[in-house]
Each structure stands twice: as structure tokens, then as C-alpha cells.
Amino acid sequence: MNIPAPTRSVSLIERFRDRLPFSAGDPIVTLGEGSTPLVLAERLSERVGAEVHLKLEGLNPTGSFKDRGMTCAVSAALREGAQTVICASTGNTAASAAAYAAKAGLRGVVIIPDGKIATGKLAQALMHGARVIALRGNFDQALDLVRQLAERHPIALVNSVNEFRLQGQKTAAFELLDDLDGRLDALCIPVGNAGNITAYWKGFVEAGSAPRMLGFQAAGAAPIVNGAPVAEPETVASAIRIGNPARWEEAIDAMRASHGAIRAVTDDEILSAYRLLAATEGVFCEPASAASVAGLIKYGAEGAERVACVLTGHGLKDPDAALEQAGAVLPCEPQLRAIERAVLG
Ligand code: AN7
């Protein structure tokens, strides 16, 4: 069958090929990731006294920033002849790995902490046909186990311990600099396994830029802030419920080299930023993503004139969190009087 070349958006690997470890003949597994919107947040800017931009990473194909890294990790796995890709995940990596594995025609296996991932992410992993294994343990235990498994079997590990993940994720820094004409003073970003803050810093350094890296962990899952692993991390922001980040050292390096900071925000502060973004900026992100804005509100812009907050995942990922935070719906009888009361009252 002769399939015509479709009209399509350029893949992340093609767009940034000169800065990524892929050459012209390599297979590319793409779902049209990257090139996400950067939106000026007027209300938030006024509140913190700086020009604040929101990088909407939830607009990637599977609804999170993970797709930037996954296009690279799965393309590389295909190039190396892998047949199976595996990851441990708090949800978004699982959804992304499952989708890119499906697109590549590879087997996808995802290990998730039982009962602790958002509904949308679970639905995605299952729909994309991955084998979903619910570990009776937390993310840190799952990551430890998949690392051992990948050493013993010919399975490609696509967690952010995989260098290709960071390579792909660093492209968000390039996009920010492109969109802001190279001028950015500080980046606010949630920190879980610390792959993303590491990747952004890598991207900024490669581009010759050095905004302050301001990372935020959830207070109940803040090993880097505390300076010690957290055995039983807890937070409403399930995506960053991580007690022993794989990229801990690199995150500290990024923080020091950029004169930044890694600090904690409470669940209440996260949820308040989560509601504020949706209600006053029109941007619906998941709770973990709101940690970046919660941190900016809590600690202030600290002299930065232009700030970008990375909103890592879409709000629709976690409908349960949203419904718990949102107002109630108004019931109404199908009569004009009743609807008038409901609408105008
Ligand atoms: C929405 O999916 O770790 O600091 O297994 O889903 O690079 O780990 C997700 C992490 C922030 C933290 N925001 O990024 C996983 C996983 C969202 C996330 C993070 C995650 P890292």
C-alpha cells in the first residue's frame, strides 16, 4: 500500500536534531511532542511582581512533559533492537511509555505503586496496551526493582536514569529561550525524581543561559530539602510522591551552579495554587505541576524580573483531585422558572 506523506507537525527529534544524539537515518518514534505553548499569566504576574510565564507541558501528546524524553528513549530503544520497554512510574512516565511503545510496536511494561496513581494515567497505560503491574510498595521500591530487572534481561529501561530521557527533556529549555528571546531570570519547576530539573539545566547550559533553577518538592516528599531520603513519602501531588530521587546529585548541582534553590511547599499550598491557576489563569494542570507556582507564591520572585513556571502535566490526568477541590454542581428541574433561579440567582 502506498501511504502518502501526511501533513504533520515536526517531531521533537527533527526540530532539535543538531542538539540531540540522533542522525538522519535513525528511526524516530513520534506523536508530535514538544513545541508547547508559553502563556503569560497576568494575574499571577501582578501578584508576585514579576513577569510570569506558564510553560504548558500538559499539552504534549499524552498530557505531560514525559513525552519529550520518551520520544528519544523509545526511538533509541528501537534503534538498539529492543523489543520491550519498561519503567517504574508515579503515572505520567507510565502513560507516556505505554503510548510510545504502542506507536513503535514494542511491548510496554509499567510498574506503578498500587492505588497511588491518578485515574487518567492508569486509563492511558491500560488503553495503550501496556502490561500494568501494581506494586505493593512505593515508587522508590519500583524503580529499584526495574533497575535490577533491566540489568538481568534485554529490556530497555525508559525511566529518567536513561540518558535519552534527559536529552529529550532539555529541549523545553531551548523552547523557553526561543519564545522569550533568550531572556529568563528564573525557572520554577516541581521536583520528584529530579530528572526534569537536571534536563532543563543541561539545556540552559548548552544554550549558554543560566536562569536560577527554583525547584519545589511536596513537604511530605522532600528528601532533597531535608537532606535525607524519605521512607514513606506522602502528598496529594501523587506524581511527585518520591522519597529517594535518582537524579539527586544532579539536582543539587543545577541548584548550586544556577544560584537557585530547592524548597518545600505543603499540600495546602499546592492545592491553593492548583485552584488559582484554573480559576484565574484558565490553566488546568495537575497538582504536582502546581507545586512550581505554589513555590513562586510562597517564596516570591526574589528579584527575578522574568520567571517561567513549568506546568508539567494536564489537569485532566487527575479528575479525582479536581472534583475534591472544586465547587458543587447545581441541580435543576427542566422548567424556565427553575433555570432562571439557577442561572441568575
Ligand atoms: C506531572 O511519572 O516520576 O523530577 O514516574 O509526573 O523529573 O521526576 C513523574 C514526575 C513533575 C517530577 N510533574 O519530575 C513518573 C514521575 C509531574 C510528574 C514530576 C513528575 P521529575
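The values are calculated or read from the model by the stated rules, or taken from the named source; none is laboratory data. Since the model is a prediction, treat every value here as computed from it, not as a measurement. Heads up, the Cβs are rebuilt from the backbone with ideal geometry, glycines too, and the neighbour counts pull from every protein chain shown. Heavy atoms of the whole protein, side chains included, go into the accessibility calculation; ligands, DNA and RNA do not. Shrake-Rupley method; radii C 1.70, N 1.55, O 1.52, S 1.80 Å.
Once you list every other residue whose beta carbon is under 13 Å from the beta carbon of THR90, what net charge do they have if Lys and Arg are +1 and Asp and Glu are -1?
Around THR90, the charge tally is 0.
Sequence-distant or interchain residues sharing an amide H contact under 5 Å with HIS53, placed H: which?
Residues meeting the amide H criterion: ALA41, VAL307, ALA308, CYS309.
What relative contact order, as a whole-number percentage, does the chain give when Cα pairs under 8 Å and 6 or more residues apart are counted?
19
Could you tell me how far the Cα centroid of region 45-83 sits from the Cα centroid of region 13-44, in Å?
8
Accessible area, 1.4 Å probe, largest first: how do GLU234, GLU175, GLU250, GLU151 sort?
Sorted descending by solvent-accessible area, the residues read GLU151, GLU234, GLU250, GLU175.
Given C-alpha coordinates of region 1-148, what is the ratio Rg to Rh with the Kirkwood estimate of Rh?
Radius of gyration over Kirkwood radius for region 1-148 works out to 1.04.
Under the rule of at least 5 residues apart or a separate chain, name every residue whose amide H is placed under 5 Å from the amide H of ALA88.
For ALA88, the qualifying residues are ILE111, ASN159.
Solvent-accessible area of LYS202, probe 1.4 Å, all protein chains present, reported in Å² to the nearest ten, please.
LYS202 exposes around 60 Å² with every protein chain in place.
State in Å² the accessible area per residue of region 220-320; use a 1.4 Å probe, count heavy atoms of protein chains only, and round to the nearest integer.
On a per-residue basis, 37 Å².
Considering only PRO113, ALA102, GLN148, whose Cα is most displaced toward the positive end of the charge dipole of region 66-163, charges sitting on Cβ of Lys, Arg (+1) and Asp, Glu (-1)?
ALA102
How big is D, in µm² s⁻¹, for the chain by Stokes-Einstein at 25 °C and 0.890 mPa s if Rh is the Kirkwood radius over C-alpha pairs?
Roughly 120 µm²/s, to the nearest whole number.
Among ALA228, ALA239, ALA95, which one shows the biggest mean-square fluctuation in a GNM of the chain, springs joining Cα atoms closer than 10 Å?
Result for the chain, Cα springs under 10 Å: ALA228 fluctuates most.
Could you tell me which GluC sites (Glu not before Pro) in region 259-345 are loop residues by DSSP with no more than 15 other beta carbons within 10 angstrom of their beta carbon?
Loop-located and lightly packed - GLU302, GLU305.
Quote the relative contact order of region 257-345 in percent (integer), defining contacts as alpha-carbon pairs under 8 Å separated by 6+ residues.
25
Using a Gaussian network model of the chain whose springs link C-alpha atoms within less than 10 Å, name the residue from GLY105, GLY120, GLY69 with the highest mean-square fluctuation.
GLY105
Could you report the accessible area of HIS314 in Å², rounded to 10, computed with a 1.4 Å probe on the protein chains as they sit in the structure?
50
In square nanometres and to one decimal, what's the mean projected area of the convex hull around the Cα atoms of region 191-271?
Across all orientations, region 191-271 yields a mean hull projection of 4.9 nm².
Would you please give the residues with an amide H less than 5 Å from that of GLN217, counting only those at least 5 places away or on a separate chain, with H modeled from the backbone geometry?
Result for GLN217 returns VAL191, ARG263, ALA264, VAL265.
Note the full-extension length gain between ASP268 and LEU316 as 0.36 nm times their separation in residues minus their Cα-Cα distance, in nm to one decimal.
Net length gain for the segment: 15.3 nm.
With the chain treated as a Gaussian network of Cα nodes joined by springs under 10 Å, which of VAL158, VAL48, VAL329 yields the largest mean-square fluctuation?
It is VAL329.
For region 1-127, what's the relative contact order in percent, using C-alpha pairs closer than 8 Å and at least 6 residues apart?
Worked out over region 1-127, it gives 20 percent.
Averaged per residue, what accessible surface does region 1-135 expose to a 1.4 Å probe, in Å²?
Value for region 1-135: 44 Å² per residue.
Quick one: net charge of PRO233's neighbours, Cβ under 13 Å, K/R +1, D/E -1?
Value of the local net charge: -2.
Can you pull out the cysteines in the chain that have no other Cys Cβ under 4.7 Å?
So far as the 4.7 Å Cβ criterion goes, CYS72, CYS87, CYS285, CYS332 stand without a partner in the chain.
Ignoring ligands, DNA and RNA, please state the percent of accessible area on region 66-163 from carbon and sulfur, probe 1.4 Å.
50
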